[in-house]
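Visitor: Encoded as structure tokens, here's the structure I'll be asking about.
Derivation of every value follows stated rules applied to the coordinates shown; laboratory data play no part. In this text, all values refer to a predicted model and were calculated from it rather than measured experimentally. FYI the Cβ positions are ideal-geometry reconstructions off the backbone, even for glycines, and counts take in every protein chain you see.
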Amino acid sequence: MALLEVKDLKVYYPIRGGILGRIVGHVKAVDGVNFTVEERQTVGLIGESGSGKSTIGKAILGLVPLAGGTIHFNGEDITRYIGKNRSAYRKSVQMIFQDVHSSLNAKKRVLDVIAEPIRNFENLTKGEERKRIDELLAIVGLSSDDAAKYPHEFSGGQRQRIGVARAIALKPKLIVADEPVSALDLSIQAQVLNYMKDVQEELGLSYLFISHDLGVVKHMCEYLTIMHNSRFVEVGQREDIYNDPVHIYTRRLITAIPSTDIDLKEENEAKRNALSDEYNREYDNYYKEGGKVYDLRPHGDSKTHFVAMP
Ligand SMILES: Nc1ncnc2c1ncn2[C@@H]1O[C@H](COP(=O)(O)OP(=O)(O)OP(=O)(O)O)[C@@H](O)[C@H]1O
Ligand SMILES: [Mg+2]
């Protein structure tokens, strides 16, 4: 049984118009996606800006209303309960937010930032709470003294580790990590990702890891979903996606990964340009009218690799 099973998820944002602010239409931000996350697994959710990635994360956390679909957690249909505060589900699923700067309250000390979820869900004495905070700080490589400081006294990488400590404070089963390292320098990215991996081992966590960059997630994710225009264009095991990408959109994302080999720079540039031409020329073969993505179907006789093709 999967830890999380999402079926035919839809999220439509209302568009308001006129002086009365009446609803005049909808943005179909997520329009029918299916996926599962197994225990201890990291699933990548990859796609360009505006494709609907954060909306999927928010939907799982119950932060936006669903226009359709169901969510099962540990086999139980929790679709109607996800928005409810203080439920067991809301304790088991946490989010690391995309924007490090605004997601940590600048006026609160690190102690209070990390303790907030604990105070919402558990009744610890001050002493017990302090002990828990120190353990959490140690897990993400910060010291006990850091608890008294404010978020602005830390580097970007350290701040993101505070976000990780806060997300794991309630020993969740699943963390939705929304672009957790995108705002960081390359060297710091690796450091934060390593902390996230260590924490995963230690707590037996699953991640839904959101990124626009297939390069970043390569070593994190066992399973990948590639999102475009509010739907999945391709899903598969890491090897399926990196070694045998099929959809033109996935192939473009792969060629966009910067090469570390200087000698290949020109060759890669040429590949990127050729694919870009192919994308423009062949678009109608890969998308329905209006850019709508086809339903996923198995690639050849693969049991793991699916592509949205006619
Ligand atoms: N609160 C909202 N109200 C109306 N439209 C929204 C809202 N939030 C997001 N959208 C729209 O929904 C679509 C998907 O947005 P979403 O934030 O999920 O994209 P994303 O893939 O996370 O992008 P990014 O990589 O830039 O973070 C976009 O077209 C966006 O403009
Ligand atoms: Mg986003």
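Visitor: Considering every pair of different Cα atoms, what Kirkwood radius, in Å, is found for the chain?
Guide: Taking every pair of different Cα atoms in the chain, averaging 1/r and inverting gives 20.8 Å.
Visitor: Let me ask something else about it. Going by average Cβ neighbours within 10 Å, how do the peptides 129-137, 156-164 rank, with the highest at the top?
Guide: Result, highest mean Cβ count within 10 Å first: 156-164, 129-137.
Visitor: Another question about this same structure. Please list, in chain and number order, the residues 5+ apart from G32 or on another chain whose amide H is under 5 Å from its amide H, with Hs placed from the backbone.
Guide: Excluding prolines and chain starts, which carry no amide H, the hits are L9, K10, V11.
Visitor: Which value results when the Cα radius of gyration for segment 196-297 is divided by 2.2 N^0.38 Å?
Guide: Relative to the 2.2 N^0.38 Å estimate, segment 196-297 comes out at 1.22.
Visitor: Sticking with this structure for a sec: Tell me what the chain gives for mean residue ellipticity at 222 nm when only DSSP H runs of n ≥ 4 count, each as -39,500 (n - 2.57), the sum divided by the residue total, rounded to 500 deg cm²/dmol.
Guide: Rounded to the nearest 500, it is -11000 deg cm²/dmol.
Visitor: Another question about this same structure. Mind checking which of Q98, A88, I254 is farthest towards the positive end of the chain's charge dipole, using Cβ charges of +1 (Lys, Arg) and -1 (Asp, Glu) about the Cα centre?
Guide: Value: A88.
Visitor: Separate question: Check which residues have an amide H placed less than 5 Å from L3's amide H, if you skip close sequence neighbours.
Guide: Excluding prolines and chain starts, which carry no amide H, the hits are V37, E38, E39.
Visitor: If R0 is 22 Å, what FRET efficiency do you get for D263 and R40 from their C-beta distance, rounded to 0.05?
Guide: Taking R0 as 22 Å, the efficiency between D263 and R40 is 0.05.
Visitor: Sorted by mean Cβ packing within 10 Å, highest first, what order do the peptides 90-98, 268-276 take?
Guide: Answer by packing, highest mean first, reads 90-98, 268-276.
Visitor: Given the options V37, P151, Y283, identify the residue whose Cα lies farthest towards the positive end of the charge dipole of the chain (+1 on Cβ of Lys, Arg; -1 on Cβ of Asp, Glu).
Guide: P151
Visitor: List the chymotrypsin sites (Phe, Trp or Tyr not before Pro) in segment 229-260 that DSSP assigns to loop (not H, G, I, E or B) and whose Cβ has at most 11 other Cβ atoms within 10 Å. Which are they?
Guide: Answer in residue order: no site qualifies.
Visitor: To continue, here is another question. Apply the Karplus curve 6.51 cos²θ - 1.76 cosθ + 1.60, θ = phi - 60°, to the phi angles in segment 105-112 and return the couplings in whole Hz, x for Gly and Pro.
Guide: 5, 5, 8, 9, 5, 3, 3, 6
Visitor: With the cut-off at 21 Å, tell me which of the pairs K58/K107; K171/K197; K58/K108; K84/K107; K126/K173 have Cα atoms farther apart than that.
Guide: Beyond 21 Å: K58/K107; K58/K108; K84/K107; K126/K173.
Visitor: Just to confirm the number: angle between the C-alpha axis of helix 186-203 and the first principal axis of the chain, 0 to 90 degrees, nearest 10?
Guide: Long axis of 186-203 versus the principal axis of the chain: about 70 degrees.
Visitor: Just want the ordering: I257, I248, I23, from fewest to most Cβ atoms lying within 10 Å of their own Cβ.
Guide: Final ranking by Cβ density, sparse to dense: I23, I257, I248.
Visitor: A follow-up question, please. Report D for segment 122-193 in µm² per second (integer): Stokes-Einstein, Kirkwood Rh on Cα pairs, 4 °C, 1.567 mPa s.
Guide: 99 µm²/s
Visitor: Could you state the angle between the C-alpha long axis of helix 265-286 and the longest principal axis of the C-alpha atoms of the chain, as a value from 0 to 90 degrees rounded to the nearest 10?
Guide: Value to nearest ten degrees: 70.
Visitor: Rounded to whole Hz and in sequence order, give me ³J(HN,Hα) for segment 294-301 from the Karplus expression 6.51 cos²θ - 1.76 cosθ + 1.60, θ = phi - 60°, writing x for Gly and Pro.
Guide: 5, 6, 6, 9, x, 8, x, 10
Visitor: What is the dipole size for the chain, taken about its Cα centre, with +1 at each Lys and Arg Cβ and -1 at each Asp and Glu Cβ, in debye to the nearest 20?
Guide: 1540 debye
Visitor: Which ³J(HN,Hα) values, rounded to whole Hz and listed in residue order, are derived for segment 146-151 from phi using the Karplus coefficients 6.51, -1.76 and 1.60 in 6.51 cos²θ - 1.76 cosθ + 1.60 with θ = phi - 60°, glycine and proline given as x?
Guide: Here the 3J(HN,Hα) series is 5, 4, 8, 8, 9, x Hz.
Visitor: Give me the percent of DSSP beta bridges within segment 4-221 that run antiparallel, rounded to the nearest 5.
Guide: Antiparallel bridges: around 60 percent, rounded to the nearest 5.
Visitor: Kindly flag which residue pairs out of K53/K218; K218/K265; K10/K288; K28/K218 have an alpha-carbon separation exceeding 23 Å in this structure.
Guide: Beyond 23 Å between Cα atoms: K28/K218.
Visitor: Fewest first, what order do M196, M309, M220 take by the number of other Cβ atoms within 10 Å?
Guide: M309, M220, M196
Visitor: Treat every Asp and Glu Cβ in segment 1-139 as -1 and every Lys and Arg Cβ as +1, leave all other atoms uncharged, and give the resulting dipole magnitude about the Cα centre to the nearest 20 debye.
Guide: 600 debye
Visitor: Still on this structure: Amide H of I96: which non-local residues (sequence gap of 5 or more, or other chain) have their own amide H closer than 5 Å, using H built in the peptide plane?
Guide: Those qualifying (amide H under 5 Å, at least 5 residues apart or on another chain) are V176, A177, D178.
Visitor: Of the listed peptides 179-192, 29-42, 204-217, what is their order by residue-averaged count of other C-beta atoms within 10 Å, with the highest listed first?
Guide: Per-residue Cβ counts within 10 Å, averaged per peptide and sorted highest first, yield 204-217, 29-42, 179-192.
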